[in-house]
Structure formats: structure tokens, C-alpha cells
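S.K.: First the structure, which I've put down as C-alpha cells, then a few questions once you've had a look.
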Amino acid sequence: MKFGIMITEGPYQHEASDSAYQFTKAALAKGHEILRVFFYQDGVLNSTKLMEPQADDRHIQKQWSALATENGIEFIVCVAAAKRRGINDTVTADGFKIGGLGMLTELAIEADRVVEFRA
Amino acid sequence: MNEEMEENEEMAKLMIVFRTAPYGSIYAFEGLENVLIMAAYDQDISVLFVDDGVYAIKKGMDTTATGIKNFSPTFRAMEAYDIEKVFIDRTSMEERGLKLEDLVVEPEVVEAEAVEKMMEEQKNFFMF
């Protein structure tokens with residue numbers, strides 16, 4: 001199946017980003033295709049390389065970046081949501097690209113399922 | 001991905017659902033943004049207002065004291081964008097004492113069963 005992933009919640013406060021990460025990994029392991037991961041609303045905060053969680057915790061941004069580079073998945077960070085929250089391409093980590101909301105529409109058209117992870 | 005899309009000639013059925021009240025959160029505003037962006041892609045778009053989402057299209061909102069822009073009148077742009085499938089859930093509307101003349105647009109009033117059927121028919125939908 002062709003999946004689109006949409007994340008509308010930031011890191012750490014809720015489990016949404018972790019669940020999305022686990023889902024994406026599991027879907028890939030089952031042989032499904034992930035067309036794109038779209039970071040939207042507070043979800044754009046998952047993309048910043050400035051996050052520094054405590055050493056004994058998972059590093060949500062690094063987990064995502066590794067997943068993007070290892071599997072060649074496209075990660076798009078909504079430009080309008082990012083600008084509102086102080087996120088631009090000087091702070092986004094490897095694997096994350098800034099893009100427009102139209103890329104979410106494209107995903108809805110192309111993917112068999114767009115799965116949203118929210119609080 | 002763009003090349004693949006050009007081969008896909010059939011229109012996708014996509015729905016935007018408004019279910020939260022405007023101004024207390026960004027969701028309704030983002031929903032409107034999505035509706036207007038989606039309209040440019042020439043797909044089979046439906047818009048549904050349900051639960052507190054019906055307040056998003058209420059006339060006469062005054063957001064001055066909140067400092068948040070009143071975007072409710074912008075829903076009128078849906079017509080210019082050729083979005084014709086606009087629905088409102090009857091129960092949600094009636095429970096909140098709203099009538100069609102209280103709204104900035106003229107949605108088709110639908111029953112819960114019809115809403116359920118419509119949702120089943122969609123390829124993808126987004127909730128706001």
C-alpha cells in the first residue's frame with residue numbers, strides 16, 4: 001500500500017511523533033511504500049536540529065533524520081506553519097525540506113491512505 | 001511523485017472536515033487553507049461542517065478583542081474556487097441553534113447517515 005504520513009503534533013509533549021515514527025518504520029518493514037511524511041502545524045517542531053533532549057532519552061529529530069536518509073523518504077515541513085514557529089532551513093535537520101501545503105494535497109491524491117498522527 | 005501524478009487521470013475524492021470551533025485553536029483556519037489549496041488541484045473536493053465546526057461559518061463573528069483575524073468571511077471564496085460540495089450536519093447545526101441564514105455560505109444540510117456514507121466514499125480526508 002502507498003502511505004502518506006502527516007504529523008500535526010510537536011515532539012515529546014505527546015506520543016504522536018513517536019507513534020508516527022514507529023508506524024513508518026513498521027510499514028516499511030512490511031514492504032509498504034511511504035510516499036512522503038508531511039510535518040504540519042506544531043508537527044514542524046520535529047524538524048529542528050536545535051533540539052537537545054536529555055542523554056538517556058530518545059532523540060526524536062535524529063530518529064526521523066536517520067529514517068529519511070536510510071530509506072530515501074521525502075520529509076516536507078509546511079512552510080507557513082514553520083515560519084510561524086521560528087523554523088526555517090537554517091534550523092531544519094538532514095532529511096527535512098521546507099515545502100508548501102500543496103504537497104499535502106498531492107499526498108492525499110496519490111496515497112492510498114494518509115495517516116495522521118495528532119495529540 | 002509529480003510524474004506519477006500526471007498519469008493519474010481520475011479525480012480523487014477528497015474531503016475536508018471542520019469539527020472544531022474557530023479561533024480557540026488554529027484548526028479551522030488550517031482547514032480553510034487546505035480547502036483553498038486543494039481547489040487548485042482540480043479534484044473531487046467535499047467540505048463538511050460538523051460538531052463545533054459549524055461555528056466556523058457563522059456570520060457576524062467579531063474577533064477584535066482576541067487579536068485573531070476573523071477568517072470566517074473567507075469561506076465565501078469557496079464558490080469562486082468552484083467548490084460546490086459543501087455540507088453541514090443537521091444535528092450539529094440544530095443543537096447549536098443555528099439556521100442556514102446565520103451562515104456566511106449556503107451548505108447543503110445532511111443527516112448523519114449521509115455523512116457516514118460520504119466519508120466512506122472518500123479516498124482521503126482531513127479533520128480540522
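S.K.: Could you work out the mean count of beta carbons from other protein chains within 10 Å of each residue's beta carbon in B:117-123? Provide the component values of the computation, followed by the final result.
M.R.: Numbers: counts 0, 0, 0, 0, 0, 1, 7.
Average neighbour count from other chains, rounded to a whole number: 1.
S.K.: Quick check on chain A: helices-only [θ] at 222 nm, where DSSP H runs of length 4 and up contribute -39,500 (n - 2.57) each and the sum goes over total residues. Nearest 500, please.
M.R.: Details: 4 runs with 41 residues, N = 119.
Estimated from H runs of four or more residues: -10000 deg cm²/dmol.
S.K.: From the phi of every residue in the stretch A:103-111, what ³J(HN,Hα) in whole Hz does the Karplus formula 6.51 cos²θ - 1.76 cosθ + 1.60 yield, where θ is phi - 60° and glycine or proline is x?
M.R.: Running phi through 6.51 cos²θ - 1.76 cosθ + 1.60 with θ = phi - 60° gives 6, 6, 4, 4, 5, 5, 6, 8, 7 Hz.
S.K.: Give the average, rounded to an integer, of partner chain Cβ atoms located within 10 angstrom of each Cβ in A:39-50. List each step's numbers first, then the result.
M.R.: Numbers: counts 0, 3, 5, 1, 0, 0, 0, 0, 0, 0, 0, 0.
The shielding value for this peptide is 1.
S.K.: Once the other residues with Cβ under 12 Å from the Cβ of B:V104 are scored (Lys, Arg +1; Asp, Glu -1), what is the net sum?
M.R.: Details: positive: B:K58, B:K59, B:R76; negative: B:E79, B:E101, B:D102, B:E106.
Value of the local net charge: -1.
S.K.: Can I ask one more? Over chain B, calculate the relative contact order: mean separation of alpha carbon pairs under 8 Å at least 6 apart, over the residue count, as a percent. Display every interim value, and only then the final one.
M.R.: Values: 199 pairs, mean separation 41.7, N = 128.
Once divided by the residue count of chain B, the mean separation gives 33 percent.
S.K.: Can you check what the net charge comes to around A:Q63, using other residues whose Cβ is under 10 Å from the Cβ of A:Q63 (Lys, Arg +1; Asp, Glu -1)? Working shown, then result.
M.R.: On the way: positive: A:K25, A:R58, A:K62; negative: A:D18.
After counting each charged neighbour, the total is +2.
S.K.: What is the stretch B:26-128 by shape, rounded, prolate or oblate, if you read a ≥ b ≥ c off the alpha carbon gyration tensor as root eigenvalues and call it rounded for a/c under 1.5, prolate for a/b larger than b/c, and oblate otherwise? Walk me through the numbers on the way to the answer.
M.R.: On the way: a/c = 1.75, a/b = 1.17, b/c = 1.49.
Because a/c hits 1.5 or more and a/b fails to exceed b/c, the stretch B:26-128 counts as oblate.
S.K.: Using the heavy atoms of the protein chains and a 1.4 angstrom probe, tell me the accessible area per residue for the protein assembly as shown in square angstrom. Working shown, then result.
M.R.: Working: 12410 Å² over 247 residues.
With the other protein chains kept in place, the protein assembly as shown gives 50 Å² per residue.
S.K.: Long-range amide H contacts for B:S46: which residues qualify at under 5 Å (H placed 1.01 Å from N, peptide plane, sequence gap of 5 or more or a different chain)?
M.R.: Those qualifying (amide H under 5 Å, at least 5 residues apart or on another chain) are B:L14, B:M15, B:I16.
S.K.: In what sequence, largest accessible area first, do A:K2, A:K25 appear using a 1.4 Å probe?
M.R.: A:K25, A:K2
S.K.: Restricting the count to DSSP beta bridges whose residues both fall in chain B, what percent are antiparallel, rounded to a multiple of 5?
M.R.: On the way: 1 of 18 bridges.
Once the DSSP bridges in chain B are tallied, antiparallel ones form about 5 percent.
S.K.: Still on this structure: Between B:M15, B:M61, B:M38, find the one with the highest GNM mean-square fluctuation for chain B; connect C-alpha pairs within less than 10 Å.
M.R.: Result for chain B, Cα springs under 10 Å: B:M61 fluctuates most.
S.K.: For chain B, set up a GNM with springs between Cα atoms under 10 Å and report which of B:I26, B:I57, B:I68 has the largest fluctuation.
M.R.: Of B:I26, B:I57, B:I68, the most mobile in the Gaussian network model is B:I68.
S.K.: I would also like to ask the following. Hey, any idea what % of chain A's accessible area is carbon plus sulfur with a 1.4 Å probe? If you can, show how the numbers build up before the last one.
M.R.: Working: 2510 of 5380 Å².
Using a 1.4 Å probe with all protein chains present, chain A comes out at 47 percent carbon and sulfur.
S.K.: Starting from the Cα of A:H32, step 7 Å along the direction of its Cβ; do the same at A:S19; then give the gap between the two resulting points in nm.
M.R.: 1.4
S.K.: Right, next: Over the whole of A:104-116, what's the average partner chain Cβ count within 10 Å per residue? Rounded to a whole number, please.
M.R.: Numbers: counts 6, 12, 5, 2, 15, 14, 8, 4, 2, 2, 5, 1, 4.
The shielding value for this peptide is 6.
S.K.: Measure off 7 Å from each Cα along the Cα-to-Cβ vector at B:K99 and B:E113, then give the distance between these two points in nanometres to one decimal.
M.R.: Placing both labels 7 Å beyond Cα along the Cβ direction yields 2.7 nm.
S.K.: Rounded, prolate or oblate: pick one for the protein assembly as shown, where a ≥ b ≥ c are the square roots of the eigenvalues of its C-alpha gyration tensor, a/c under 1.5 means rounded, and failing that, prolate if a/b is larger than b/c, else oblate. Walk me through the numbers on the way to the answer.
M.R.: Details: a/c = 2.05, a/b = 1.50, b/c = 1.36.
Taking the square roots of the gyration eigenvalues as a ≥ b ≥ c, the protein assembly as shown is prolate.
S.K.: How large is the convex hull of the C-alpha atoms of chain A per residue, in Å³?
M.R.: 92
S.K.: So how much accessible surface do B and A hide from each other in total, probe 1.4 Å, in square angstrom to the nearest 100? Kindly include the intermediate steps, with their values, before the conclusion.
M.R.: Details: alone 8110 and 6430 Å², together 12410 Å².
Rounded to the nearest hundred, the buried surface is 2100 Å².
The values are calculated or read from the model by the stated rules, or taken from the named source; none is laboratory data. Source: prediction; values computed, not measured. Note that we place each Cβ from the backbone using ideal geometry, even for glycine, and neighbour counts take in every protein chain shown. Only protein heavy atoms, including side chains, enter the accessible area calculation; ligands, DNA and RNA are left aside. Shrake-Rupley method; radii C 1.70, N 1.55, O 1.52, S 1.80 Å.
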